Amino acid sequence: MNGDSRSIATVPDPSKKAPTVLVTGASSGIGLATARRFAAAGSRIIAAARRLERLQSLVDELGANCHAVELDVTDVSSATSITDKLPEAFRTIDLLVNSAGVALGDGPIQSAQWGDLQRTIQTNIMGLTAVTHAILPQMIARGAGDIVNIGSIAGSYPYPTGHVYGASKAFVHQFSLNLRADLAGSGVRVLCIEPGTTRTEFAAVRMGQDPERVQDFYGERRLLTPEDVAEVLFFAVGLPRHVNLNVIEMMPTDQAFSFFRFADQTPPDRS
Ligand code: NAP
């Protein structure tokens, strides 16, 4: 992150400043595991999410190298001015991890509430774009930086009830690649990590905290853990700076693909 071939994740040169990592969605799941992983490697962490009390616990755990920022990424003016809320020592951001995300609107599209669909789009698309747009100029000015967007396998493979969530993750995938196109020669790297099912609070948020349904969904399956995703992210960003992994799709070994299905019933042909 210092302009040489050393990556953010390799053991930092003690004479150089610790890299600063901004993680959205740091109050839970993949974002939280990512914050912990980079903090363990000596990075300074800016932990952003809506639940400040959760972030405060993380600050208590990680110490003075972690700064908490209450941020709702759907509040676009807050998202685009995020650096204004940071103390001077945390304002130079070396790595942005866009992990904040939701999959609201349970069930098929026709029975989903409009507000849930809207919030999914606002969080996963608008919020991610706003934070990225706010941070990019300082990275470009320094000629170095990393952006890691958390996409999903749902962005590549359709499934019933995937509707706007899958579509929002398809946006994240293509946005990441288009960033690469615009940023060629800038020294800024962009990666989209697309995990399969990961055991986090994600399903509980989607299913309205119904513990039985969440238990049915996750079961005793051997899923990815948020730490698995954080470790892959840490590895990818740790590669020499002339190497850019564009997209990483990862799944639990026990998760795979299903065949196309036929509808069980169809209306009579009225043509
Ligand atoms: P999680 O445990 O529910 O964490 C989601 C995080 O997003 C929380 O920290 C939440 O914090 C934050 N968030 C939600 N809305 C926000 C908003 N408006 N502003 C700021 N922060 C917000 O779920 P997770 O699995 O770690 O999800 C992280 C990312 O991984 C998401 O982008 C998700 O789409 C992706 N992903 C998850 C899976 C999976 O199976 N779990 C698979 C593929 C991809 P607050 O509620 O405190 O704001």
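Of everything listed in (1) out of contact with any helix residue (DSSP H, G or I) (no Cβ under 8 Å at 6 or more places or on another chain); (2) under 26 Å from Val205 (Cα atoms), the single unmet condition for Ile109 is (1). The number of residues in region 50-89 that are open to solvent by 40 Å² or more (accessible area, probe 1.4 Å) and not in a helix (DSSP H, G or I) comes to 10.
Of all residues in region 134-153, those being outside any loop (DSSP other than H, G, I, E, B) and either surrounded by 23 or more Cβ atoms within 10 Å (Cβ to Cβ) or of a type in the set (Val, Ile, Thr) (or both) number 10. Only one entry in Thr34, Thr92 is farther than 20 Å from Ser176 by Cα and buried (at least 17 other Cβ atoms within 10 Å of the Cβ), namely Thr92. For Leu71, the stated conditions do not hold, so it cannot be described as away from the ligand (no atom under 14 Å from the Cβ), touching a helix residue (DSSP H, G or I) at 6+ places or on another chain (Cβ under 7 Å) and of a type in the set (A, V, I, L, M, F, W, C). Residues in region 62-90 that are among the charged types (D, E, K, R) and without any contact (Cβ under 8 Å) to a residue 12 or more places away in the chain: Asp75, Asp84, Glu88. Inside region 38-51, can you point out the residues that are hydrophobic (A, V, I, L, M, F, W, C) and either near the ligand (Cβ under 8 Å from one of its atoms) or touching a residue at least 40 places away in the same chain (Cβ under 8 Å) (or both)? Answer for region 38-51, where residues must be hydrophobic (A, V, I, L, M, F, W, C) and either near the ligand (Cβ under 8 Å from one of its atoms) or touching a residue at least 40 places away in the same chain (Cβ under 8 Å) (or both): Phe38, Ala41, Ile46, Ala48, Ala49. Against the conditions (1) part of a loop (DSSP other than H, G, I, E, B); (2) open to solvent by less than 50 Å² (accessible area, probe 1.4 Å); (3) more than 11 Å from the ligand (Cβ to nearest atom), Thr253 satisfies every one except (2). Condition check: open to solvent by 10 Å² or more (accessible area, probe 1.4 Å), within 25 Å of Val21 (Cα to Cα) and assigned to a loop (DSSP other than H, G, I, E, B). Does Ala100 satisfy that? Criteria met by Ala100. For region 179-229, the set of residues classified as among the hydrophobic types (A, V, I, L, M, F, W, C), near the ligand (Cβ under 10 Å from one of its atoms) and at pLDDT 95 or above consists of Ile193, Leu223, Leu224, Val229, listed by residue number. Asp106 fulfils the conditions (1) within 19 Å of the chain's Cα centre (by Cα); (2) within 16 Å of the ligand (Cβ to nearest atom) except for a single criterion, (1). Restricting the first member to region 159-177 and to residues that are open to solvent by 40 Å² or more (accessible area, probe 1.4 Å), and the second to residues that are within 11 Å of the ligand (Cβ to nearest atom) and acidic (Asp, Glu), the beta-carbon pairs closer than 7 Å and six or more apart or on different chains are His173/Glu194. Of the residues screened, Arg54 is not one that is of a type in the set (Lys, Arg) and either closer than 24 Å to Glu194 by Cβ or more than 16 Å from the ligand (Cβ to nearest atom) (or both). Note on region 187-221: residues that are surrounded by fewer than 16 Cβ atoms within 10 Å (Cβ to Cβ), polar (S, T, N, Q) and not in a helix (DSSP H, G or I) amount to 1.
The values are calculated or read from the model by the stated rules, or taken from the named source; none is laboratory data. All figures in this text were calculated on a predicted structure; none of them were measured in a lab. With ideal geometry, Cβ positions are generated from the backbone for all residues, glycine too; neighbour counts draw on all protein chains shown. SASA here: full protein model, heavy atoms, side chains in, ligands and nucleic acids out. Shrake-Rupley method; radii C 1.70, N 1.55, O 1.52, S 1.80 Å.
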